[in-house]
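Nothing in this text is a laboratory measurement; each read-out follows from the coordinates by a stated rule. Small disclaimer: the values here were computed from a predicted structure and weren't measured.
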Amino acid sequence: MNAEYPVRFSVEYPARPLNRLTSALRIFTAIPIVIVLGTIDGFGARYGASDARTVAAGGTGLLFLPPLLLILVRQRYPRWWFDWNLQLLRFSNRIGVYLALMDDRYPSTEDEQAVRLDFAYPDARELNRWLPLVKWLLAIPHYIVLFFLYVGALFAVIGAWFAILFSGRYPRAIFDYVEGVIRWHNRVVGYALILVTDQYPPFRLRP
C-alpha cells in the first residue's frame with residue numbers, strides 16, 4: 001500500500017520569500033497563460049480529447065478516446081499521443097501550481113521549473129485491453145473524495161494568500177496539503193483519463 005504510484009508528482013517548496021505583489025494579483029497575472037492553455041482545448045477536441053477541466057491542475061486538451069480505442073482494438077499506445085498528454089499535463093500543472101501561489105515564477109511552456117510530473121511510457125500489451133472502458137466508472141469514489149479535497153484546497157490557498165501578503169512565506173503545512181491534492185488529482189487522471197496505468201490510485205495525499 002505504501003509503494004510509489006506510477007504517476008509521480010511533486011512541487012519544490014519555495015524556501016525563499018515569494019513575490020508579494022504578483023501573489024496579490026495572481027488571478028490577473030495568470031490570465032495570459034490561462035488563455036494559452038484554453039486555446040489548446042479547442043485543438044485537442046478535434047482529436048478526441050476529453051474535456052477534463054479542474055481548478056487546481058488542468059487537463060484541457062488531453063487525448064482520451066484515441067488511446068482508449070487503440071488499446072481496445074490493437075493493444076497499442078502511440079508514443080506521440082503519450083508525449084502529448086505528458087507534456088500537456090506538465091504545462092497545465094505548472095499553471096495550476098502558479099494559480100495556487102506555490103511558485104511565483106511565471107509558468108513556462110517548456111521548462112519544468114519547480115513542478116515535477118512523470119510517468120513511464122506504458123507497454124499497451126501489458127495493459128488490460130477492456131479496463132479502459134470502465135476506468136472512469138471505477139474512479140467515481142475518487143471523484144467524490146476529490147470534490148471535498150478541492151474545496152479544502154481552495155480555502156487553503158486563500159489562507160496561504162494572506163500568509164504570503166504578510167510574511168512572504170507559504171506555510172509548509174498548507175503547501176503540503178495543496179501539493180497532495182494536486183498529486184491525487186494527477187493519479188486519477190493517469191488512471192482514468194490518459195490510461196497509462198491499470199494500478200488503481202491510492203486514497204492518500206502523500207507520495
Completion exercise
Here the relative contact order (percent) of the chain, from C-alpha pairs under 8 Å and at least 6 apart, is 30 percent
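List the DSSP H helices in the chain whose Cα atoms stretch 15 Å or more along the helix axis and whose mean Kyte-Doolittle hydropathy is at least 1.0. Could you put the intermediate results ahead of the total?
Values: long enough: 31-45 (21 Å, 1.85); 79-99 (30 Å, -0.15); 140-167 (39 Å, 2.04); 172-188 (24 Å, -0.21).
Once both thresholds are applied, what remains is 31-45, 140-167.
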Fill in the blank from the handout: Per GNM of the chain with C-alpha springs under 10 angstrom, the most fluctuating residue out of Ala192, Ala100, Ala173 is Ala173
Practice task
Please build a GNM for the chain, connecting alpha carbons under 10 Å apart, and tell me which residue among Leu21, Leu195, Leu88 fluctuates the most.
Solution key: Leu21
